[in-house]
Amino acid sequence: MTGSTTHFHLPYVDPSQSEPEVPINAALDIVDAELETLSTVTGAPLTVHDGSTSVANVVDLLLTGAVVTSPSAGHAVATIAGGGGGGGSGNLTPDTPPASPNALDDEFTGAAGDPIDVKWTWHNQGGATAVQDGQGACALVAPSDSVVFNARYLGQAISGSAWRVRAKLNVGMYAAYNNAGILAYESSSGKTARTSLLWDGSAANNYTVQVSALGGSGSGTTTTDTGLKPIFNVLEHVYLELELASGTIYARASRSGYDGSFKQVGTLSVSSAFTTGPDTIGIFSEAQSATAMTAWFDWFRRMA
């Protein structure tokens, strides 16, 4: 090869030559040699650079943040979202899935009607249903119920004296006291602490922190009205956060989901709310009326 252009040097062969096969065969030998060299170079291990680090003899390359399409033997197309304009990581928002998800995380990206991940366990199901909606959410439906504080709850085990979780919630609240949100549960006693978006039937939506047993006993505590107004009794979405730190549970809410935008709406003392402390964390929906309650959870994540 010369420069970037391949030259095969095929000679002109006059038909009057008595033995033209000699120069033609010689030319084909050149073609074979050139193609063999090209194949060897193309299939050789790569040297990968990122501007500061160089790694030689790379035979397997993982592209983080890329979607591989058209896979076949030896061929794939890798598309990296937001990769244009300056080589950055794209436009990150609160809804961008984390690069390194926690084991508790769920983005609910299954096909419509798919069951939720087996890592979730029902508590106090009582006819409630939960499926993937095919649009990136878990549709959690609580049946009609006149019992107060009767959450239909999906949970995962959590341990330790400090943690922080968030969820993005979309709700359709068509009756007073329909509510949904994040719930922490103590399996030995049945006690819960939760932060939820609740419509009280009036002109305001309330974020609440409540402590109660799943069967309906107990009473709510530390309720704070954020002053958010419902839109046709439906608030499009809200980001909720529940944190355990230094023996206290903190409940926070945000309309944007950005760090620094979460407003604290209540606190609970672990020693007064639980026997020892919560060992399960998750999401819930609750009707508290003759109207069923549907909550769409876009995602659930452990933040710390």
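No lab work stands behind these numbers, since they all come straight from the coordinates. Small disclaimer: the values here were computed from a predicted structure and weren't measured. No Cβ is skipped: glycine too gets one built from the backbone with ideal geometry, and neighbour counts run over all protein chains shown.
Details
- For the range 92-135, dividing the convex hull volume of the Cα atoms by the residue count gives 101 Å³ per residue.
- Of Asp95, Asp259, the sequence from fewest to most neighbouring Cβ atoms within 10 angstrom is Asp259, Asp95.
- Viscosity 0.890 mPa s, 25 °C: Kirkwood-radius Stokes-Einstein D of the range 104-193 over Cα pairs, µm²/s: 169
- Stretchable slack from Gln135 to Asp114, in nm (0.36 nm times residue separation minus alpha-carbon distance): 6.4 nm
- Neighbourhood net charge (12 Å Cβ-Cβ; Lys/Arg +1, Asp/Glu -1) for Ala162: +1
- Sorted by Cβ neighbour density within 10 Å, fewest at the top, the residues His123, His237: His237, His123
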